[in-house]
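Single-structure report; data block below.
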Amino acid sequence: MKHIVLKFLALVALACSPATGARAQSFAKRVDIGGGRMMYIECQGSGSPTVLLISGTDTASDLWHAADQKGPTVYDEIQKTTRVCTYDRPGAPHLDQTFSRSDPVPQPTSPKNGVDDLVALLKAADVPGPYVLVAHSFSGTIARVFAAEYPAEIKGIVFVDALTPELRSQMTPDEWKTWTRINARPAEALAIYPELERQDFDETLDQTAAAAAPRPMPVVVLTASNKYIDVVPKLIQAGELPPDTPPNFGAVIDRANSAAQNELAALVAGAVHITDTHSGHNIMIDNAPVVIQAIRMVVDAVRAGQTSLKR
């Protein structure tokens, strides 16, 4: 786990909306999204809906098929049954710490920035909808804003231990202040990579809270089952958290996140909430099969024309 972070456009005209249909071409490339910027995207498989795998903060597309991960991987399995794509956001390095293959942008970024970039990227790379979003950590906020801005394009969502504004509301102001402090990108990392992706957490959650709740659709919420009360002291000892982090702060995170994940699942009628994931925050690495199963559940429901997983 790289960090303890719950590690976590405007529709101008119809012509700007992501295209519809299906393409079977496989590729891994940088594409010109306009404004002199290039972004990296890779796609495999064929069929509809297209599954978009969206990584968490400062994590690139290899989160879904890491080179050293024991199989199966989410990306490789999902491409067997439908179209699947994943991409690098600006400032998101690979797990091996290679810098992002997408051109840098000013930081901090936000969910609206993420949606604007993703819509431009899908159009430039000719990746048609409809889409099922699979959103990890911070990208859960991108998924909610995307679904609010393009409701006709988003047919289902899998939230993978996603960051939510409900998390903030479950904490006291002092607890939230501590959470944001220990989740800030360390100065050492920024010295090495000044363009490293990061957020103003309050702006991120304000934008997400202001977005309309997802319309009825198949939704799965996956919540990490490993407890932070056990992890935080180890991270402090390993130097991955500031030394003045309260050793018992993991209990605060566990309490707030459990309630927040329940609230997230309650946003969409019929959503399935899976808490017994046998994993830490990076569920797609710790227990890829549970993510693969959730995606297939949603894809099958979308293909069947369902607006809910529960009948």
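Condition first: touching a helix residue (DSSP H, G or I) at 6+ places or on another chain (Cβ under 7 Å) and part of a loop (DSSP other than H, G, I, E, B). Now tell me which residues in region 162-182 satisfy that.
The answer is 162, 163, 164, 170, 171.
Just the residues that are among the aliphatic types (A, V, I, L, M), within 21 Å of residue 155 (Cβ to Cβ) and touching an Asp or Glu at 6+ places or on another chain (Cβ under 9 Å), please, taken from region 87-121.
Of everything in region 87-121, those that are among the aliphatic types (A, V, I, L, M), within 21 Å of residue 155 (Cβ to Cβ) and touching an Asp or Glu at 6+ places or on another chain (Cβ under 9 Å) turn out to be 115, 119.
As an exercise: evaluate residue 217 against (1) under 26 Å from residue 94 (Cβ atoms); (2) at pLDDT 95 or above; (3) not basic (Lys, Arg) and give the number of the one condition it does not meet.
Among (1) under 26 Å from residue 94 (Cβ atoms); (2) at pLDDT 95 or above; (3) not basic (Lys, Arg), the lone unmet condition for residue 217 is (1).
Within region 147-161, identify whether any single residue is crowded, with 24+ Cβ neighbours inside 10 Å, under 18 Å from the mean Cα position of the chain (by Cα) and assigned to a helix (DSSP H, G or I), and answer yes or no.
Within region 147-161 (the criterion being crowded, with 24+ Cβ neighbours inside 10 Å, under 18 Å from the mean Cα position of the chain (by Cα) and assigned to a helix (DSSP H, G or I)), the answer is yes, since at least one residue qualifies.
Assuming residue 239 fulfils every condition listed in (1) in a loop (DSSP other than H, G, I, E, B); (2) modelled with pLDDT under 90; (3) surrounded by 16 or more Cβ atoms within 10 Å (Cβ to Cβ) apart from one, which condition is it?
Condition not satisfied by residue 239: (3).
Count, please, the residues in region 210-236 that happen to be closer than 15 Å to residue 147 by Cα and surrounded by fewer than 15 Cβ atoms within 10 Å (Cβ to Cβ).
Qualifying residue count for the region: 5.
Can you find a residue that is over 22 Å from residue 52 (Cα atoms) and in a helix (DSSP H, G or I) anywhere in region 291-303?
The answer is no; no qualifying residue exists.
Just need a number here: residues in region 112-136 that are over 29 Å from residue 279 (Cβ atoms) and in contact with a strand residue (DSSP E or B) (Cβ under 6 Å, 6 or more places away or on another chain).
5
Among what's in region 53-96 and is over 23 Å from residue 163 (Cα atoms) and among the polar types (S, T, N, Q), pick the residue that is farthest from the chain's Cα centre (by Cα).
Once the filter is applied, the top-ranked residue is 81.
Determine, yes or no, whether residue 142 is assigned to a helix (DSSP H, G or I), crowded, with 19+ Cβ neighbours inside 10 Å and more than 18 Å from the chain's Cα centre (by Cα).
So residue 142 does not fit the description; no.
Just to verify a result, which residue in region 181-214, among those that are charged (D, E, K, R) and within 18 Å of the chain's Cα centre (by Cα), is modelled with the lowest pLDDT?
185
Inside region 97-120, can you point out the residues that are under 16 Å from the mean Cα position of the chain (by Cα) and farther than 15 Å from residue 194 by Cα?
Residues of region 97-120 under 16 Å from the mean Cα position of the chain (by Cα): 109-119.
Listed by number, the residues that qualify are 110, 111, 112, 113, 114, 115, 116, 117, 118, 119.
Can you tell me which residue is surrounded by the most Cβ atoms within 10 Å (Cβ to Cβ) among those in region 68-119 that are closer than 17 Å to residue 139 by Cα and of a type in the set (Lys, Arg)?
89
What's the number of the only condition in (1) more than 28 Å from residue 211 (Cα to Cα); (2) modelled with pLDDT of 95 or more; (3) in contact with a Phe, Trp or Tyr (Cβ under 6 Å, 6 or more places away or on another chain) that residue 79 fails to meet?
It is condition (3) that residue 79 fails.
The values are calculated or read from the model by the stated rules, or taken from the named source; none is laboratory data. On a predicted model such as this, the values are computed, not experimentally measured, just so you know. Using ideal geometry, Cβ is built from the backbone for each residue, glycine included, and neighbour counts are taken over all protein chains shown.
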